[in-house]
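Bear in mind these aren't lab numbers, they're just calculated from the coordinates by the rules spelled out. Not measured: the values here are computed from a predicted model. Methodologically, a virtual Cβ is constructed for each residue, glycine included, from the backbone with ideal geometry; neighbour enumeration extends over all protein chains shown.
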Amino acid sequence: MRTSNWDKDLTIVNENINIPRKSMSAIVLLFTSRVRTDSEEYIYPNIDKVNLTIEGVPNAVFSQGLHKNRFFEEAKRFFCPMCEKSMADEFMSISKFFSNGFALVIDLRSTQDDTTGGGKKIVNTQSGVLLEIKKRATTADIQCNIFIVSDALLNFANRDLSSIQY
């Protein structure tokens, strides 16, 4: 979706995401150093807490914000289907996650399964989603890559794609 650059001395970062969606499932942030040497390395930028405001409502998903001790579980819950949880433990540990495989995942689904349409509805709004990220200073500048995961409805007519509704 978009990329933003964070200076190493920043301690509070505000990211605003204002994209209308009928069902926004998640917001995924991947962090790399600005001078990237490894395409498979994602760094942990010393984030302590994330506060989420959706359409002007603070703490709409997490009542006390998303704390550091929940980052691994949120990412694991989103990326690993239930049947593969034990296999995921084998390939990704908490130490690997925070050392070179970090992804900040904000799961907006109302249920934990993969049903369609279980995400947050963000339509016709001025404010959208505001992320307030509280962090400690880092040793180098960071590039933040922000992705939106949402459901879509594909309409076909006469074997051709006629429209996409997000």
Expressed as a whole number of Å, what is the distance separating the alpha-carbon centroids of the stretch 51-66 and the stretch 150-166? 32
For the table LYS22/LYS76; LYS76/LYS96; LYS8/LYS76; LYS22/LYS135; LYS96/LYS134; LYS22/LYS49, the rows whose alpha-carbon distance is greater than 19 Å are LYS22/LYS76; LYS8/LYS76; LYS22/LYS135; LYS96/LYS134; LYS22/LYS49
Ranked from fewest to most other Cβ atoms within 10 Å of their own Cβ, LEU131, LEU108 fall in the order LEU131, LEU108
Exposure proxy check on GLU40, GLU55: fewest-to-most Cβ neighbours within 10 Å is GLU40, GLU55
Between ALA157 and ASN14, with labels modelled 7 Å along Cα→Cβ, what's the label distance in nm to one decimal, could you check? 4.4
